[in-house]
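The values are calculated or read from the model by the stated rules, or taken from the named source; none is laboratory data. Bear in mind that the values here come from a model prediction, so they are computed numbers and not experimental data. Methodologically, a virtual Cβ is constructed for each residue, glycine included, from the backbone with ideal geometry; neighbour enumeration extends over all protein chains shown. Surface accessibility is based on the protein's heavy atoms, side chains included, excluding ligands, DNA and RNA. Shrake-Rupley method; radii C 1.70, N 1.55, O 1.52, S 1.80 Å.
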Amino acid sequence: MSRLVVVSNRLPSLRSGPNVGGPEAAAGGLAPAVLAALRRHAGSSWCGWTGRVAQDDETEALSQRIVRGVRFLGLPLTKVEVELYYNGYCNRTLWPLFHCFQDLVHVRLEEERAYRSVQRRFASAIAPQLRADDLLWVHDYHLLLFGRELREIGWTGRAGFFLHIPFPPLELFTLLADPADTLAALLEYDVVGFHVPRFAENYVQAATRLLGAAWDGTHLRWRGRVQRVGAFPVGIDLATFVPTPADLERSRRREVLGKVVGDRRVLVGVDRLDYTKGITERILAFEEFLRRSPEWRNRVVFLQIAAPSRTHVRAYHERRRQVETLVSRVNGELGEHDWMPIRYLYRAYSQDFLSDLYREADAALITPLRDGMNLVAKEFVAAQDPEHPGTLVLSRTAGAAEELREAVLVNPFVQSDLARGIHEALTMSESERRRRHRALFARVRAGTAEEWGRRFLGELERVGRITDPEAPAPSVMTS
Ligand code: ADQ
């Protein structure tokens, strides 16, 4: 079996010890899914930024640690790189643009240059570690150009790329300074994967319209390159969330929430604090629900947990202030001396705690404005007590909605529709909740994190680096 080399912007936080048992991510996400794949391939490595800010002359140093058979190769970034590449081009240009937040996008050529040069530096640090028959799996929007940098150094092995966020429609993608060049770089990968077909379609449309690439339903062909494009929906590690009999007993006694909310119903929201997650819109919808359905006052609590994220980017601390102002206004206007409608916590919690919380809540409000997938939705489904399941209220605009069709689907841009979803969740009969949960759980179980890695790497192993000598070499079109 080939070795697997994963490259992502950040390495997971490496903690080892008797009670931790290996590396984990501070706030869930892709790490468990990627680690499951790495452990199946002996001699594998994961390369990425350590999170440490280095001095200018330290950037060549590659740190190495081996944890449970996986080699972690850490690359430092300088202060300037963190500002221009990470806070700048990644999180002020690509993140809002790919999520269709056009008003928040800024494009600075200096930041774009830093984005290129970090990927060139990553490629030259990682290339000496690669063997010709390795499988290279590159993750996310931070590394769109990395494959081309490696090819320029001369590495010709099999390389796949997975985008964890949406790929935007053409009109938005063309706001990048050089969209055709970004696509040409992406075409250096042998397999490109997205969560759902909709994003793959956007990518194919951009490649065919801007580059003149040819599409046959599974492969793009351009200048001798043949690329497999597909949808590979990410899943979760079931064992972390599916309850044991002891978990069920505790949650039936409501050990986590009982003391805090009494016998009131609980709606829960769990997100990174990010403007794409629709937290302010959700609070406004909850307010509308309480104003329209006064019989629910003092009978329901909305618990929103928001993990700090990208705190050095202005849009994020502005959003944090907005959330805090809104929570305090709604609590002040609608609360009673013995009831706070909203409990808001700005911190990260362990997955075990979240799992208990999901199970004790009556419904989850997972209402991002846009989201590649949204793993919290799947975690909530997996954590439920099948006899007394809670209800999932989910945005139509999250990738997860393509699979989790039995959720209460809402349009997060329409406040009254969200308020309607909250009402539906709180008044749904137990038999209907059970019926929906059975269907949702079957889907979550069929598409685990492990299955996602197996499918993507299966394609990468099959396709290999095929070139197509017959393919014409169309000129670059700019429309
Ligand atoms: P994220 O935008 O981070 O991921 P999501 O998929 O929901 O979004 O993953 C978040 C993870 O962080 C979950 O595992 C969740 O449990 C955890 N988390 C969130 N809030 C937390 C908190 N307060 N404390 C502790 N843990 C918390 C990106 C894309 C998504 C895509 C994933 C994976 O934006 O669309 O689903 O990658 O591909």
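Tell me, please, whether a residue that is touching a Phe, Trp or Tyr at 6+ places or on another chain (Cβ under 7 Å) and open to solvent by 40 Å² or more (accessible area, probe 1.4 Å) can be found in segment 81-95. Checked against the condition, which is being touching a Phe, Trp or Tyr at 6+ places or on another chain (Cβ under 7 Å) and open to solvent by 40 Å² or more (accessible area, probe 1.4 Å), segment 81-95 yields no hits at all. Scan segment 234-251 residue by residue and report those that are crowded, with 22+ Cβ neighbours inside 10 Å and within 16 Å of the ligand (Cβ to nearest atom). Answer for segment 234-251, where residues must be crowded, with 22+ Cβ neighbours inside 10 Å and within 16 Å of the ligand (Cβ to nearest atom): VAL234, GLY235, ILE236, PHE241.
Looking only at residues in segment 181-194 that are touching a residue at least 40 places away in the same chain (Cβ under 8 Å) and open to solvent by 10 Å² or more (accessible area, probe 1.4 Å), the one that is nearest to LEU109 (Cα to Cα) is ALA184. Just so you know, in segment 347-366 the residues that are within 19 Å of the chain's Cα centre (by Cα) and open to solvent by 50 Å² or more (accessible area, probe 1.4 Å) include one that is farthest from PRO245 (Cα to Cα), and it is ARG347. Within segment 257-279, the set of residues being open to solvent by less than 10 Å² (accessible area, probe 1.4 Å), in a helix (DSSP H, G or I) and more than 22 Å from VAL414 (Cβ to Cβ) comprises just one member, VAL261. Within segment 125-169, the set of residues being open to solvent by 10 Å² or more (accessible area, probe 1.4 Å), within 16 Å of the ligand (Cβ to nearest atom) and within 21 Å of GLY458 (Cβ to Cβ) comprises ASP140, HIS164. When segment 37-91 is limited to residues that are in contact with a Pro (Cβ under 7 Å, 6 or more places away or on another chain) and of a type in the set (D, E, K, R), the one that is farthest from SER13 (Cα to Cα) turns out to be GLU58. Among the residues of segment 298-315, those that are in contact (Cβ under 8 Å) with a residue 60 or more places away in the chain, closer than 19 Å to SER328 by Cα and among the aliphatic types (A, V, I, L, M) comprise VAL300, ALA307. Looking only at residues in segment 231-251 that are of a type in the set (A, V, I, L, M) and in a loop (DSSP other than H, G, I, E, B), the one that is nearest to ASN298 (Cα to Cα) is VAL242. Could you tell me which residue of segment 135-181 is nearest to VAL7 (Cα to Cα), considering only residues that are in contact with a strand residue (DSSP E or B) (Cβ under 9 Å, 6 or more places away or on another chain) and of a type in the set (D, E, K, R)? Per the criteria, the residue is ASP140.
Within the set ARG320, ARG282, ARG254, ARG228, the sole residue that is open to solvent by 20 Å² or more (accessible area, probe 1.4 Å) and part of a helix (DSSP H, G or I) turns out to be ARG320. Mind listing whichever residues of segment 196-234 are in contact with a Lys or Arg (Cβ under 6 Å, 6 or more places away or on another chain) and not aliphatic (A, V, I, L, M)? Answer for segment 196-234, where residues must be in contact with a Lys or Arg (Cβ under 6 Å, 6 or more places away or on another chain) and not aliphatic (A, V, I, L, M): HIS219, PHE232. Might you let me know whether segment 286-302 holds any residue that is within 21 Å of GLY390 (Cα to Cα) and within 16 Å of the ligand (Cβ to nearest atom)? Yes: segment 286-302 contains one or more residues that are within 21 Å of GLY390 (Cα to Cα) and within 16 Å of the ligand (Cβ to nearest atom). Only one entry of ASP385, ASP371 meets the criterion of being modelled with pLDDT of 95 or more, away from the ligand (no atom under 12 Å from the Cβ) and touching a helix residue (DSSP H, G or I) at 6+ places or on another chain (Cβ under 9 Å), and that entry is ASP385. Does segment 394-443 hold any residues that are assigned to a helix (DSSP H, G or I), surrounded by fewer than 23 Cβ atoms within 10 Å (Cβ to Cβ) and within 16 Å of the ligand (Cβ to nearest atom), and which are they? Residues satisfying the conditions are ALA401, GLU402, ARG443. Considering (1) open to solvent by 10 Å² or more (accessible area, probe 1.4 Å); (2) within 23 Å of the chain's Cα centre (by Cα); (3) of a type in the set (Gly, Ala, Ser), the lone condition that GLY212 does not fulfil carries the number (2).
Highlighted here are the helices (runs of 4 or more DSSP H) found entirely within segment 61-170 that include at least 2 residues which are in contact with an Asp or Glu (Cβ under 8 Å, 6 or more places away or on another chain) and of a type in the set (A, V, I, L, M): 109-126. Restricting segment 210-225 to residues that are in a loop (DSSP other than H, G, I, E, B) and free of Cβ contacts under 8 Å to residues at least 60 places away in the same chain leaves a set whose member that is farthest from the ligand (Cβ to nearest atom) is ASP216.
Is it the case that PRO18 is at pLDDT below 55 and away from the ligand (no atom under 16 Å from the Cβ)? In short, yes.
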